[in-house]
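The values are calculated or read from the model by the stated rules, or taken from the named source; none is laboratory data. Please read all numbers here as calculations on a predicted model, not as lab measurements. Cβ placement follows ideal geometry from the backbone for every residue including glycine, while neighbour counts extend to all protein chains displayed. The protein model used for the area step is the full one, side chains on, heavy atoms only, and it has no ligands, DNA or RNA in it. Shrake-Rupley method; radii C 1.70, N 1.55, O 1.52, S 1.80 Å.
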Amino acid sequence: MTQDEMKKAAAIKALEFIENDTIVGVGTGSTVNHFIDALATIKNKITGAVSSSEESSKRLIAHGIEVFDLNSVDNLDVYIDGADEITKHKSMIKGGGAALTREKIVAAVAKKFICIADSSKQVELLGDFPLPVEVIPMARSYVARELVKLGGDPVYRQGVITDNGNVILDVYNLSIIDPKALEIAINAVVGVVTNGLFAQRGADILILGSENGAQVIQ
Ligand code: 5RP
């Protein structure tokens, strides 16, 4: 199986977690794109979706799936999203697609976070993938200096503006031994909107696509 086939296998398996007549929380990325395409096959059974990015909203709408504003939704049973890295404790690095802030917001509302990923995303320790940090544009240099004090090497993601009008710093060479503590420390820097560590609210279930198909890890 190719990496993309593994992503697709995980995405299709996630349909088993979708209840009838519910609104589904939908993440962002190439794995989620497979999930959106699969969701379209059962679109008449669901009420609609809440989306974590303009990109996913467009794909959902193109499939005829109604996209609700999160403010009009009281609760979400599930949030389905990919990850750039995930540990056995289901802590993650996310934000490779620059959608981390909206992803974190929708994940916070959902009762269950189901991560769909191919096997290359499973890691012992987070941090080989540079940690994305969404930053208010005027604070970019200040936040970069503070991230250096925290032990990282921030790099400005050129040419990328998030759906919220902000910029991304990708932080290399962080030693992420305590993801929950680092998530809090980075979010405490003035000018940071949020960072791509999903440790305080990690995933509840991992659906991992591998050579053997899709495996559900509770
Ligand atoms: C986007 C994300 C994605 O979930 C993450 O980058 C994984 O992407 P892909 O499914 O394309 O491998 O966090 O901000």
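Miscellaneous remarks
- Rolling a 1.4 Å probe over the heavy atoms of the protein chains gives segment 120-193 an accessible area of 54 Å² per residue.
- Within the chain, percent of DSSP bridges classed antiparallel, to nearest 5: 55
- Cα-Cα separations in segment 120-218 greater than 22 Å, expressed as whole percent: 35
- Near GLU85, the amide H atoms lying under 5 Å from its own belong to ILE93; only residues 5 or more places off or on other chains count, and H is placed 1.01 Å from N.
- The Cα-based radius of gyration and maximum Cα-Cα distance (Dmax) for segment 10-132 are 13.6, 41 Å.
- As a length-normalised measure over Cα pairs under 8 Å and 6 or more apart, the relative contact order of segment 29-158 settles at 23 percent.
- Only Cα pairs under 8 Å and 6+ residues apart enter the sum, and on that basis the relative contact order of the chain stands at 24 percent.
- Only Cα pairs under 8 Å and 6+ residues apart enter the sum, and on that basis the relative contact order of segment 1-82 stands at 37 percent.
- For the chain: rounded, prolate or oblate by the Cα gyration tensor [a/c cutoff 1.5]: prolate
- Between amide H atoms placed 1.01 Å from N, distances below 5 Å from VAL78 occur with GLY25, LYS111, LYS112, all of them 5 or more places distant or on a separate chain.
- Since only ALA83, GLY48, GLY97 are under comparison, the one whose Cα sits farthest along the positive direction of the charge dipole of segment 42-113, derived from C-beta charges on Lys, Arg, Asp and Glu, is ALA83.
- Taking amide H positions as modeled 1.01 Å from N, with prolines and chain starts lacking one, the residues under 5 Å from VAL155 and 5 or more places away or on another chain are ASP170, VAL171, TYR172.
- Most to least accessible of SER56, SER51, SER72 (protein chains only, probe 1.4 Å): SER72, SER51, SER56
- Excluding exposed DSSP-loop GluC sites (Glu not before Pro) (at most 16 other C-beta within 10 Å), longest clean stretch of the chain: 125-210
- Cα Rg, Dmax, segment 1-66, angstrom units: 11.2, 34
- Rounded to the nearest 20, the Cβ-based charge dipole of segment 96-218 about its Cα centre (Lys and Arg +1, Asp and Glu -1) stands at 400 debye.
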